[in-house]
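This report concerns only the one structure given below.
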Amino acid sequence: MTPTAGPYAGTSRLDAARRTLELEALGDDPRIDLLVIGGGVTGAGVALDAASRGLRTVLVEARDLAFGTSRWSSKLVHGGLRYLASGRIKVARESAVERGVLMTRTAPHLIRALPQLVPLLPGLLRPGQAALIRTGFHAGDALRLTAGTPGALLPRVRRIDADRTRLLVPGVRTDGLRGALVAHDGQLVDDARLVVALARTAAQYGASVLTRVRAEQVTGTSARLVDTLTGRELAVRAGAVVNATGVWAGEVDTSIRLRPSRGTHLLVDARALGNPTAALTVPVPGSTSRFVFALPQQLGRVAIGLTDEDAPGPIPDEPQPTEAELSFLLETVNAALETALTRADVRGAYAGLRPLIDTGDGSTADISREHAVLENPDGVVTVVGGKLTTYRRMAEDAVDAAVRLRGLPARACWTARLPLIGAPGHRDSRPLPAGEGAMGSVPASVPASLLARHGGAAHEVLAAGESAPVAEGLDVTRAEIAYAVTHEGALDVADVLDRRTRIGLVAEDAERARKAVEEIVGECRGAVQEG
């Protein structure tokens, strides 16, 4: 089988026509090296790792790219400070190393350094807690140094005065404010966009990326694939099968025991906090290692999160926040705000499930975030646990295991040096003029918001359609909607609203944009089919 024969060979473009061609090719020759099940950040990372090593790779996803946990994160690429505080040195160092890889090579166009600010306010911190936080911040900075991430990219820990604190977070409570402690971490513009970039780069290296395809009757060397759009079935023979389905891993491999934990965020308008440029970090009362963050986001929002609650029972397609969680988040963050937020300020909310490995008793907050690569009696290799920041290492370990167990003809992993589409150094990324920031200064022809989401591919995006906003008050262009269909594998309106642009995080925004999105998606799907 040659997954990318024909007009798509060597290209990163994902569209409905490519999907059809690659399903037909798979039906003609169902022999492949590696079948990856799951299209989240880990599955996409596995597909890229395997394809870049020269393996004939197919990724199947029953729904859409980034449909599950990978779109519900805090969008932080963090160095593991929380894990360091609880003595988990290994996972903390791994996080710091992988953060450095992402910010310096893999996806610097999607990540920025984000100040994380702990305000020094009366009643907010217990006696001695400020000193403990400062010590933790310095330990995190030591991790940054050992990981080789330059201070020019992630500035060192410092204390700032009250005026500077109010400048970074204008909505902070001022009564008794003595300044703040500030550390820096990485923040993705969009977690789902990272997944799409991984999948497209994998496709460029020869992987077949097939959404709306369900894997059934999975063994270590085979699976029955069902095209959920047409009902067509086909049998695949693989050298190895990797289960990267996250919280659904137990449905593919019944020997896996997970204990999902629900993390909830709420969304408010950024102006409600004075349009902050730093993350407001508020200690959770009674805890030494948990915080609630108010994180500036794209589209003029601030995400406030997050919770860590047991989520037993069947795994829903879209987990729902509870009123108790929303109340907890509001109550905690309000302790640091001048004007308290109310339920009326909440524009949207979302929840995701962490695929934690069940280790027995205790709070989910105490369960290790380390990942595991396991082989079941049927030979299926499952990669589970971990977190978004360490997806690349998880993928490397999973492919290493598959290669070792099945004797696959693979080269050594080199994804730590492999830039994703849009990143500086990627062969299809267009260089931009030098200036401030990883991607340089912004040409007048490229909206800053589009550049932040697409990096060096921004010019290609603009060529796909009009630069006008898709709806009033939304800094998403009509070109981005078209590009999602013609290049990013979006098959319907929900794919575009909920995973390629994130407009759908706020229902009012989605309704304002829906008519235009439906129109553009329809036009682009017709053009793809004709082409």
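The values are calculated or read from the model by the stated rules, or taken from the named source; none is laboratory data. Everything quoted here is computed from the prediction, not taken from an experiment. Methodologically, a virtual Cβ is constructed for each residue, glycine included, from the backbone with ideal geometry; neighbour enumeration extends over all protein chains shown. The accessibility values were calculated without ligands, DNA or RNA, using every heavy atom of the protein model including side chains. Shrake-Rupley method; radii C 1.70, N 1.55, O 1.52, S 1.80 Å.
For the reader, a short list of remarks on this structure follows.
The rows are residues; the columns are (1) among the charged types (D, E, K, R); (2) at pLDDT below 95.
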| position | (1), (2) |
| --- | --- |
| GLN297 | no, no |
| GLY313 | no, yes |
| PRO321 | no, no |
| ARG343 | yes, no |
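- Counting only strands (runs of 3 or more DSSP E) that sit wholly inside the stretch 179-244, those with at least 1 residues that are touching a His at 6+ places or on another chain (Cβ under 7 Å), crowded, with 24+ Cβ neighbours inside 10 Å and modelled with pLDDT of 95 or more are 180-188.
- Residue among LYS75, LYS90 that is among the basic types (Lys, Arg) and open to solvent by less than 10 Å² (accessible area, probe 1.4 Å): LYS75
- Enumeration of residues in the stretch 144-178 that are in contact with a strand residue (DSSP E or B) (Cβ under 7 Å, 6 or more places away or on another chain), open to solvent by less than 50 Å² (accessible area, probe 1.4 Å) and in a helix (DSSP H, G or I): THR165, LEU168
- Considering residues of the stretch 406-465 that are basic (Lys, Arg) and modelled with pLDDT of 95 or more only, the residue least open to solvent (accessible area, probe 1.4 Å): ARG453
- For the stretch 469-506, the tally of residues that are over 15 Å from ARG200 (Cα atoms), touching a helix residue (DSSP H, G or I) at 6+ places or on another chain (Cβ under 6 Å), in contact (Cβ under 8 Å) with a residue 60 or more places away in the chain and part of a helix (DSSP H, G or I) stands at 2.
- When the test is whether a residue is in contact with a strand residue (DSSP E or B) (Cβ under 6 Å, 6 or more places away or on another chain) and farther than 30 Å from ALA142 by Cβ, ALA183 does not pass it.
- Subset of the stretch 76-120 [within 23 Å of PRO276 (Cα to Cα) and touching a Gly at 6+ places or on another chain (Cβ under 6 Å)]: VAL77, GLY79, LEU81, MET103, HIS109, ILE111, LEU120
- Evaluation of SER363 against the conditions (1) over 26 Å from GLU98 (Cα atoms); (2) modelled with pLDDT of 85 or more; (3) touching an Asp or Glu at 6+ places or on another chain (Cβ under 8 Å) shows that the sole unmet condition is (2).
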